[in-house]
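What follows is a set of notes on a single structure, which appears directly below.
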Amino acid sequence: MPRETAAHERRVALTPADVAELRSRNVEVRVQQGAGWYADFTNRAYAAAGATLVAQREQVFADPAATVDCIIANDPELIVCAAGHRGNQAPILLDQHALDALTAGAVIVDPTAKAGGNCIATVPNTTVVLPNGITIAHRSNYPAERPHAASRAYGAATTAQILGLIPLSPGR
C-alpha cells in the first residue's frame, strides 16, 4: 500500500487492523513506510500486523510474479486494476505472463490507462479482446457515461462514511 495517491489525501487504503485480517488469510501486504502517518497509523503498527514495510512506492508493486501466483490460485473472471499516483506513471501489475495465466472469458477493467495502465495491453478508451479470449476495458470518465449509477454508488459510499462519524444514540 503506497502513501497517499492524491495530493493532500491523508487517508490510507488499509489500517493495521485490515492488514492483520489479510495476513490471517495468508495475503502478503506491502506498506510504504510512512503511509499511515497522517491517519495516525505508525510503521510499527503495520509491522506488528504483519505487513512488509518498503521504502519506495515502486516496491509496493515490485513483484509481478505475485500477481501471476494470485491469478493461478484464484482463476479470476474479473480483475479491476486501479493502482496509481496522480501525475506519475501507473505501475504494471499485469504483464504478459499474467495475461497468459488468465483463462478465456476473463475481463480486466483498467481505469489507469491515461497514466500508462496497470495492464500491458490496456489501450485508452478502448475495449481490447486478446487472441486468448481475455478482454481489457478502459473508459475515461465512467461517471459521465452512467451518471445515475455513478451518483448512487458515490452517494452510498459518502453516506456510509458520514454515518460512520455519527455516534449511535441509545436504542438505535
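A few remarks follow.
- Within the stretch 114-141, the set of residues being out of contact with any strand residue (DSSP E or B) (no Cβ under 9 Å at 6 or more places or on another chain) and closer than 30 Å to Asp100 by Cβ comprises Lys114, Ala115, Gly116, Pro124, Asn125, Pro131, Asn132, Gly133, Ser140.
- Pro111 falls short of the stated requirement of being free of Cβ contacts under 8 Å to residues at least 12 places away in the same chain and under 20 Å from the mean Cα position of the chain (by Cα).
- Condition check for Pro131: at pLDDT below 80 and part of a loop (DSSP other than H, G, I, E, B): no
- Counting the residues of the stretch 8-24 that are surrounded by fewer than 12 Cβ atoms within 10 Å (Cβ to Cβ) and either at pLDDT 80 or above or not assigned by the TED database to the domain that holds Ala49 (or both) gives 2.
- His138 being surrounded by fewer than 14 Cβ atoms within 10 Å (Cβ to Cβ), under 20 Å from Glu77 (Cβ atoms) and not hydrophobic (A, V, I, L, M, F, W, C): no
- Comparison of Pro143, Pro91, Pro124 shows that the only residue that is without any contact (Cβ under 8 Å) to a residue 24 or more places away in the chain and within 28 Å of Gln56 (Cβ to Cβ) is Pro124.
- Only listed residue being more than 23 Å from Val12 (Cα to Cα), of a type in the set (A, V, I, L, M) and in contact with a Cys (Cβ under 8 Å, 6 or more places away or on another chain), chosen from Leu130, Leu93, Leu99: Leu99
The values are calculated or read from the model by the stated rules, or taken from the named source; none is laboratory data. Source: prediction; values computed, not measured. So basically every Cβ, Gly included, is an ideal-geometry build from the backbone, and we count neighbours across all protein chains shown.
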